[in-house]
Amino acid sequence: MKHIFLIDPIELLNIKKDSSLHLALTMQSLAKEMNVQQFSAYLLFKNDFYLLNHHQFQLSGFEFSGEFDQDFYIENFSLGQKVKFKLEQQDTIHFRLDPPFDEVYSRILWMLRMMEENGVKVLNSPAGILKNNEKILAYQCENSLPSYIGSNIEGALSFRDELLKMKTEFVIFKPMDMFQGMGVRKVSIELDDYTQAFNESLVTFKQMFIIQPFNEQVKNGEIRAVYFMGEHVGSILKVPAANDFMANIARGASFRSYDLSTKLEIQLREYSQNLMQEGINWIAFDVMGEYISEVNITCPGLMVELCKAHKKNLSRVLAKKLLSTL
């Protein structure tokens with residue numbers, strides 16, 4: 001039973017705290033501990049992924065090794081030899097490519113969907129990812145911020161009129177299909193600033209984008225809640241760095257363990273269990289105040305930070321569930 005982790009080029013990863021590598025190493029270690037027979041795991045880099053439609057699916061991936069330090073960061077990581085293998089129905093491809101969700105990203109998902117339809121397991125399901133946008137998923141929730149999605153100035157100005165009635169002073173402009181806060185801007189709602197930001201966003205994003213009222217509750221932090229196969233794995237609270245407006249760890253936000261309220265935990269669990277019906281098993285929710293701001297399904301991250309905050313390897317929760325299906 002092979003587990004293949006389809007990831008970005010190694011030089012683009014922050015190896016020390018990469019969630020995909022963390023799970024891969026944890027599964028490798030746990031399989032030995034549990035004496036799981038015929039288990040193997042490989043890293044498959046984006047540029048090595050291909051599809052042959054008239055043959056049994058075959059690929060080449062790398063063996064790997066590494067350890068965890070006392071804070072669960074990865075150390076002594078190394079790639080082993082490259083191995084060619086054929087995919088069988090009980091094998092699993094872990095789709096772990098970071099956005100942007102562009103044409104290349106879509107093509108890889110289409111190729112994976114063909115593999116999935118021929119019996120190879122893919123986590124998260126390409127069909128589920130293609131059907132659902134991470135941000136629109138959040139905006140469909142009852143407790144979501146008022147949001148504009150598009151690239152039409154008339155609609156954006158109409159949305160601005162609504163925000164003025166709400167006494168909004170600042171708005172956020174952000175792309176639909178990026179990650180880690182890339183391209184996000186805080187802008188005054190004054191007409192000149194707003195229209196200038198709109199026009200600049202058209203040039204920068206070259207696609208539809210999102211406008212939302214700036215949520216002042218960000219200063220109190222944003223919750224990252226991780227769910228796997230419908231169950232809560234753990235949560236952290238991300239607090240922005242001084243004078244920043246984004247609770248993003250890549251931008252210097254601090255983090256600590258966080259206990260979800262019973263009401264929020266039940267809501268997120270029900271949401272994740274519904275998404276399981278579409279093959280979406282690994283989800284990272286972002287929640288700010290009472291608003292769900294994002295439902296991360298393409299490449300949910302921050303597992304190392306989650307482990308450090310809770311002082312235990314929570315990747316084992318995912319690994320045990322995956323190995324129990326073998």
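Rounded if a/c is under 1.5, else prolate if a/b beats b/c, else oblate: with a ≥ b ≥ c from the C-alpha gyration tensor eigenvalues square-rooted, which is segment 2-123?
Details: a/c = 2.03, a/b = 1.33, b/c = 1.52.
It is oblate, given that a/c is not under 1.5 and a/b is not larger than b/c.
Considering amide H positions built from the backbone, and no H for Pro or chain starts, which residues 5 or more places from Met176, or on another chain, come under 5 Å of its amide H?
Ile210
Taking segment 33-100, which GluC sites (Glu not before Pro) meet the DSSP loop condition and have no more than 13 other C-beta atoms within 10 Å? Intermediate values should be presented prior to the final figure.
Numbers: sites: Glu33, Glu63, Glu67, Glu75, Glu88; in loops: Glu88.
Of the GluC sites (Glu not before Pro), the ones in loops of segment 33-100 whose Cβ has at most 13 other Cβ atoms within 10 Å are Glu88.
Among Ala24, Ala247, Ala156, which one moves the most in a GNM of the chain with springs linking Cα atoms closer than 10 Å?
For the chain, modelled as a Gaussian network with Cα springs under 10 Å, the answer is Ala156.
Which one of Val171, Tyr194, Met182 has its Cα pushed farthest toward the positive end of the charge dipole of segment 163-243, where Lys and Arg give +1 and Asp and Glu give -1 at the Cβ?
Met182
With θ set to phi - 60°, apply the Karplus curve 6.51 cos²θ - 1.76 cosθ + 1.60 along segment 254-266 and write out the HN-Hα couplings as whole Hz, x wherever there is a Gly or Pro.
Result, ordered by residue: 7, 8, 8, 5, 8, 9, 5, 5, 4, 4, 5, 4, 5 Hz.
Using only DSSP helix segments of four residues or longer, with each worth -39500 (n - 2.57), what per-residue ellipticity at 222 nm results for the chain after dividing by its residue count and rounding to 500? Intermediate values should be presented prior to the final figure.
On the way: 9 runs with 102 residues, N = 326.
Roughly -9500 deg cm²/dmol at 222 nm, from the helical runs in the chain.
How far is helix 103-117 tilted off the main Cα axis of the chain, in degrees rounded to 10, range 0 to 90?
With rounding to tens, the tilt is 40 degrees.
Taking a cut-off of 17 Å between Cα atoms, list the lysines near Lys17, but don't count ones fewer than 8 places away on the same chain.
Excluding near neighbours in sequence, the set is Lys238, Lys308, Lys311, Lys312.
Angle, helix 19-33 long axis vs. longest principal axis of the chain, Cα atoms, 0 to 90°, nearest 10?
That works out to roughly 30 degrees.
Across 10 Å bins from 0, what is the distribution of all Cα-Cα pair distances for the chain, in whole percents?
Over the chain, the share of Cα pairs per 10 Å bin runs 5, 25, 33, 23, 10, 3, 0 percent.
Measure off 7 Å from each Cα along the Cα-to-Cβ vector at Glu142 and Leu52, then give the distance between these two points in nanometres to one decimal.
5.3
For the pair Lys167 and Asp71, what calculated FRET efficiency results from E = 1/(1 + (r/R0)^6), where r is the Cβ-Cβ distance and R0 = 45 Å, to the nearest 0.05? If you can, show how the numbers build up before the last one.
Working: r = 43 Å, r/R0 = 0.97.
Once rounded, the FRET efficiency stands at 0.55.
Let me have the relative contact order for the chain, percent, based on Cα pairs under 8 Å that are six or more residues apart.
Numbers: 606 pairs, mean separation 64.9, N = 326.
Reported as a whole number, the value is 20 percent.
No lab work stands behind these numbers, since they all come straight from the coordinates. Because the structure is a prediction, the values reported are computed rather than measured. Ideal geometry is used to build each Cβ from the backbone, glycine not excepted, and the neighbour counts take in all protein chains shown.
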